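Contents: one structure, followed by commentary.
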Amino acid sequence: MSDAAEIQRVIDTWVGAFRDRDVAAALGVHAEDAVSFDIVPPLRYIGTEAYRQPWVETFENFVGPIEVELRDLDITVGTDLAFSRSLNRMTGTMRSGDLVDLWYRWTACFQKRDGQWLIVHDHTSAPTNFADGTAVLDLEP
């Protein structure tokens, strides 16, 4: 399997973790020392143990599957480092019954460690409306 195909498999596993609301699968594609800039506070998470609770809370807030669609996915591969970038759509139903349908930006950096590609850094963001300081979640590509 090519490196790009292996990275695609890692991304597919990450997407499947949302659908299945599977914390272990979501964290399992990250290196233990990964740094994550997530859409939820704080500014960064260092290591998968620190990053576990936001995944638990996110998945607990939904009922049923959470669908993630990646659009304009681009994977660039080097010898032992790679990155991907995409526009992602997340849809699902909150425990409150509210429907979620939002787009966000995602960049992931991968490193090949012991023959396995792992996410060592990821960054999730949404554009900001500087007039009122809120995230703009209703944009579409």
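Values in this text are rule-based calculations from the coordinates and carry no lab data. Fair warning: this is a prediction, and the values are worked out from it, not measured in the lab. Backbone-built Cβ (ideal geometry, glycine too); neighbour counts: all protein chains shown.
Across segment 1-46, what fraction of all alpha-carbon pairs, as a whole percent, falls in each successive 5 Å bin from zero upward?
6, 20, 20, 27, 19, 6, 2, 0
Quickly estimate the mean residue ellipticity at 222 nm for the chain, helices only: each DSSP H run with n ≥ 4 gives -39500 (n - 2.57), and the total goes over all residues, rounded to 500.
Only helices count here, giving -8000 deg cm²/dmol.
Within 11 Å, Cβ to Cβ, of Gly47, how many net charges do the neighbouring residues add up to if Lys/Arg are +1 and Asp/Glu are -1?
Around Gly47, the charge tally is -1.
What angle, in degrees between 0 and 90 and rounded to the nearest 10, separates the Cα long axis of helix 3-20 from the longest principal axis of the Cα atoms of the chain?
30
With just the Cα atoms defining each centre, how far is segment 1-25 from segment 60-113? Give it in Å.
Segment 1-25 and segment 60-113 have Cα centres separated by 10 Å.
To make sure I understand, if each residue's beta carbon is the centre and we count other beta carbons within 10 Å, what order do Met94, Met1 fall in, fewest to most?
Fewest-to-most Cβ neighbours within 10 Å comes out as Met1, Met94.
Compute for the chain: radius of gyration divided by Kirkwood radius, i.e. Rg/Rh, restricted to C-alpha atoms, rounded to two decimals.
Expressed as Rg/Rh, it is 0.96.
On the principal axes of its Cα set, how long, how wide and how thick is segment 89-135? Give whole Å, largest value first.
Result, largest extent first: 44, 30, 14 Å.
What is the spin-label model distance, in nm, from Cys109 to Ala131 if the labels are put 7 Å beyond Cα along the C-beta direction?
3.5
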